[in-house]
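We did not get these values from a lab; they are worked out from the coordinates using the rules stated. Everything quoted here is computed from the prediction, not taken from an experiment. In this analysis, Cβ positions are derived from the backbone assuming ideal geometry, glycine residues included, and neighbour counts consider all displayed protein chains.
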Amino acid sequence: MPYLEIRQIPHYYEWVTAYGDRPTGRPVMVYVHGWGGSGRYWESTARALSPEFDGLLYDLRGFGRSKVAALTESGPTTLYELEAYADDLAEMLDALNLERVYLNAHSMGASMAVLFLNRYPERVERAILTCSGIFEYDKNAFEQFYKFGGYVVKFRPQWLAKIPFVERMFMARFLHRPIAIADQKAFLEDFLLADYHAALNTIFASVSKKATEVMPQEFAQVQVPTLLISGEKDIIIPADMGEKAAALSEQVKYVVIPKTAHFPMLEDPQTYLAQVREFLAQEVYAG
């Protein structure tokens, strides 16, 4: 299993290409997963686009196969800020000698990707943000979310994965259309294995007063041609939040995929891929 050491943490990564697991020289599309997941759920999308792009999948620090045992107890919480994850990606591209890439990021990973676009615009040809948006600050709602999120992160017994059909119940709030059972099981497994400190601190970083102030500014600064895709039925990051974010920059094109929720690339892959290919085929997006 291939790993790269970034900031003393072994980061899992893999290539998905038209000819196996090694880059072929085609343009590279990097896939960034969201909270609690791993690069595994991007695999079908990467395979579908492999005739055009070499796909680079990796697991964010503390999630999936990128373990943080060395820093779990003593590492500062700044390690779990979205800016830190953006810098991790830059170091990974350096280590792989990738100067310029395409970027496809989902959910929390998409928030991190916006920061990456503004910190390293010269390194991204085009970007796709899937299920992203901007929140409005609500002190009471955020505090309740932290309380609930803390409980969910703390209570994750491994035996949960052995309960019949539990993956369907776990994924129900994320989906409008069914997805493959294998994908549902993989997401549950990744959630149960996520590092406690990484999972908890990224909740605080992603849904915070600071984020409600910073993210609108970041979206407004985007200069890289970007496609933002929302799921019409998404209750995690509702489509109106994506629409508000996209309206802040003329470089961001906005699309809603009907009858999908938080995983449109898995719920309706045909429509999702058609939208992505159409965007990537455009010579210049003028706003």
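Observations
- Its Cα centre serving as origin, the range 156-287 has a Cβ charge dipole (Lys and Arg +1, Asp and Glu -1) of approximately 440 debye.
- Sites listed here are GluC sites (Glu not before Pro) in the range 134-203 whose DSSP assignment is loop and whose Cβ has at most 13 other Cβ atoms within 10 Å: Glu136.
- Applying the criteria of a DSSP loop state and at most 13 other Cβ atoms within 10 Å to the chymotrypsin sites (Phe, Trp or Tyr not before Pro) of the range 153-248 yields Phe155, Phe165.
- Computed Rg/Rh of the range 22-114, alpha carbon atoms with Kirkwood Rh: 0.98
- Charge dipole magnitude, Cβ of K and R +1, D and E -1 - the chain, Cα centre, debye nearest 20: 740
- Label corresponding to Rg and Dmax of the Cα atoms in Å when calculated from the structure given, among (i) 17.7, 52; (ii) 18.5, 57; (iii) 19.5, 62: (i)
- Approximate spin-label separation Gln8-Ile235, in nm, with each point projected 7 Å along Cα-to-Cβ: 4.2
- Normalised convex hull volume, the range 101-193, alpha-carbon set, Å³ per residue: 146
- Taking 0.36 nm per residue of sequence separation and removing the Cα-Cα distance, the Ala161/Leu273 pair yields an extension gain of 37.2 nm.
- Extension gain for Lys210-Glu143 works out to 22.7 nm (0.36 nm per residue, less the C-alpha to C-alpha distance).
- Exceedance of the 28 Å cut-off in Cα-Cα distance is limited, within the set Lys209/Lys244; Lys185/Lys244; Lys185/Lys259, to Lys185/Lys244.
- Highest-MSF residue in the chain out of Gln144, Gln221, Gln270 [GNM, Cα springs under 10 Å]: Gln144
- Taking 0.36 nm per residue of sequence separation and removing the Cα-Cα distance, the Arg168/Leu98 pair yields an extension gain of 21.4 nm.
- Placing R0 at 22 angstrom, the Cβ-Cβ distance between Arg26 and Ala90 gives a FRET efficiency of 0.55 after rounding to 0.05.
- Alpha carbon centroid spacing (whole Å) that separates the range 176-218 from the range 127-164: 6
- Highest GNM mean-square fluctuation among Asp138, Asp195, Asp59, for the chain modelled with Cα contacts below 10 Å: Asp138.
- Dividing the helix sum by the residues of the chain, where each DSSP H run of 4 or more adds -39500 (n - 2.57), gives a mean residue ellipticity at 222 nm of -12000 deg cm²/dmol.
- Longest site-free stretch - the chain; sites: trypsin sites (Lys or Arg not before Pro), DSSP loop, at most 15 other Cβ within 10 Å: 101-258
- Between Gln223 and Ala247, the modelled labels are 2.5 nm apart [label points 7 Å from Cα along Cα→Cβ].
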